[in-house]
């Protein structure tokens with residue numbers, strides 16, 4: 001799924017290869033987000049218990065960092081809500097890293113390429129030495 005990142009001395013990826021790398025990261029984030037939304041919807045619907053639409057709404061709000069929107073009455077629902085909120089916090093940080101990694105890597109790689117360029121000695125002066 002992910003293409004390996006180029007080594008320190010390798011040239012920068014072209015625009016299309018870089019776009020494919022970014023698209024791969026985006027699709028990974030999208031897939032994990034959809035999985036998390038389905039997990040939350042099913043969990044809230046079965047353990048809270050609430051309707052499917054209320055479970056999806058609550059899961060989406062937790063995933064977005066907005067907080068819960070339904071009052072949970074069961075102990076099982078409260079346990080699920082606790083662990084789902086912790087899961088969402090970890091997933092959010094991880095997904096931000098996955099989304100930003102190609103840009104961060106490209107910036108650092110470009111910096112290292114500029115750093116490794118050979119130093120050109122100054123041109124010889126035509127002025128006679130006094």
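If you go through the range 12-63 and pick out every residue that is more than 20 Å from residue 90 (Cβ to Cβ), part of a helix (DSSP H, G or I) and in contact (Cβ under 8 Å) with a residue 60 or more places away in the chain, you end up with 3. When you check residue 24 against the structure, is it at pLDDT below 95 and more than 20 Å from the chain's Cα centre (by Cα), yes or no? Here the answer is no, as residue 24 does not meet what is asked. In the set 15, 8, 4, only one residue is touching a helix residue (DSSP H, G or I) at 6+ places or on another chain (Cβ under 9 Å), over 30 Å from residue 80 (Cα atoms) and at pLDDT below 95; that residue is 8. Only one of the listed residues (108, 93) is surrounded by fewer than 16 Cβ atoms within 10 Å (Cβ to Cβ), closer than 30 Å to residue 20 by Cα, out of contact with any helix residue (DSSP H, G or I) (no Cβ under 9 Å at 6 or more places or on another chain) and modelled with pLDDT of 90 or more. That residue is 93. For the range 72-97, filtering for residues that are more than 24 Å from the chain's Cα centre (by Cα) and part of a helix (DSSP H, G or I) leaves 6.
The values are calculated or read from the model by the stated rules, or taken from the named source; none is laboratory data. Predicted model only: the values in this text are computed from it and were never measured. Using ideal geometry, Cβ is built from the backbone for each residue, glycine included, and neighbour counts are taken over all protein chains shown.
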